[in-house]
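Below is one structure, written out as structure tokens; comments come after it.
Just so you know, all these numbers are worked out from the coordinates, no wet-lab data involved. Every value quoted in this text rests on a predicted model; they were computed, and no experiment measured them. We place every Cβ from the backbone using ideal geometry, glycine too, and count neighbours over all the protein chains shown.
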Amino acid sequence: MDKIVEYKNYLQSACVLNSSLSEEQKKSLAEAGYCLIPYTESDWKSRGIHFDQIKKSIQELVNNEGTAGGWDHKKELQKTGSHPEPGTQRLSNILSKNEIFRPFFMIPEVLAGVDQVIQAPFKLSSLSYREPLEGSGIQNLHIDWRPRRYESTPYQVAIAYIYLDESTRENGCLRVIPGSHRRLGEPSDFGWETQKEHPDQVLVEASRGSIAIFNAHLWHGGTLNRSGKRRRSISLVYRDRRIYQQLNQKKNIPMLVQDKMSDVEKYFLAIRKEDKTQNEFWYRRRNTWYVTKAAHLSERASSVLSKVLPF
Ligand SMILES: O=C(O)CCC(=O)C(=O)O
Ligand SMILES: [Fe+2]
């Protein structure tokens, strides 16, 4: 079947509608680079997610993994005992660790937002956890994917954060620079690698349960948790199906769990039989100069190709 027809069918099976996002949310995602979806705990319950159970499971994982949590995609660093982000608690690969996280990556509003950003067949790349601890959490302004070098280069990554607690300027909410996703390059190219406040920054405060969706090229970062109130969040990263996953879901999710999944869940994880298994040899070398150089060249090629391909 044609890949685009197949993709549209899967979106439909996942209940993604043109009306999944409001006109205002679509406009914000396109122009500002992000939007908020005001989900409540009862919306989550109707999707089979109970925050109490989620928090309990997270606490168990934190107790098990401690500060080493968050390195599942870089096993070599996990062994060194180095911390993925000092001052925060992180966990990665949580979809493989407990089935209760399963409904998170199939939320129609999120899939609709990701479809709007990527405009091509996509898959989940990773499902993780982040919590800024009291007195920490501030990050440099950054983007979450390789910088775009050409105006015509498509956006290939979109992110959703789900807030398990209210997220405020006191406990380290997200900051963003509206509209910055349109710029080529990355904040450091503009002299903005720092944790300092940016004159155009907006603090994205969000109620418990709500979801923020953003274009990975949006300049953003975590802020300081000054109150010490907990600010737990789940992040979902989706990537164009043509690029690698941060976590090889086919390899990581236990077979017993994969067997229970519906075809549509398997599609959005790229774990169906027909989804090619990620090449670990090249994945391990993804940050070498020759692979990044090749990616840069293919970016140039794909920016040309994207005009003639149907996606
Ligand atoms: O927790 C947040 O609000 C942002 C975290 C973030 O952007 C990251 O870790 O890449
Ligand atoms: Fe980020």
*Note down the nm distance, to one decimal, between modelled labels 7 Å out along Cα→Cβ at D43 and at E193.*
3.8
*Between C15 and Y290, what length comes free when the chain is fully extended (0.36 nm per residue of separation minus the Cα-Cα distance, one decimal in nm)?*
94.9 nm
*Residue-averaged 222 nm ellipticity for the chain, from DSSP H runs of 4+ at -39500 (n - 2.57), nearest 500*: -9000 deg cm²/dmol
*Specify the residue with the greatest mean-square fluctuation among K260, K250, K74, computed from a Gaussian network of the chain linking alpha-carbon atoms under 10 Å apart.*
K260
*What are the trypsin sites (Lys or Arg not before Pro) within region 187-234 that DSSP puts in a loop, where the Cβ has at most 12 other Cβ atoms within 10 Å?*
K196
*Which residue, chosen from H83, I37, H142, occupies the Cα position most advanced towards the positive end of the dipole of the chain, where the dipole is computed from +1 (Lys, Arg) and -1 (Asp, Glu) charges on Cβ about the Cα centre?*
H83
*Find the centroid of the Cα atoms in region 109-150 and in region 9-46, then give the distance between the two in whole Å.*
16
*Above-threshold pairs, the threshold being 19 Å between Cα atoms, out of K8/K266; K250/K273; K97/K276*: K97/K276
*R0 = 25 Å: FRET efficiency of E99 with D275, Cβ-based, nearest 0.05?*
0.80
*Return P(r) of the chain (all Cα-Cα pairs; 20 Å bins starting at 0; whole %; ordered from short to long distances).*
32, 63, 5
_Is there a quick way to get the dipole size of the chain? I mean about its Cα centre, with the Cβ of Lys and Arg at +1 and of Asp and Glu at -1; what is the value in debye to the nearest 20?_
880
_Longest DSSP-loop-exposure-free segment, GluC sites (Glu not before Pro), the chain, at most 13 other Cβ within 10 Å_ = 1-150
*Set the Förster radius R0 to 45 Å, insert the Cβ-Cβ distance between E134 and K26 as r into 1/(1 + (r/R0)^6), and round the FRET efficiency to 0.05.*
0.75
_Calculated FRET efficiency for the pair K251/I4, C-beta based, R₀ 30 Å, to 0.05_ = 0.65
*Under 15 Å from a label point 7 Å along Cα→Cβ of E170: give me every residue in region 117-134 with its amide N that close.*
134
_For region 129-218, Kirkwood radius (reciprocal of mean inverse C-alpha pair distance, Å)_ = 14.1
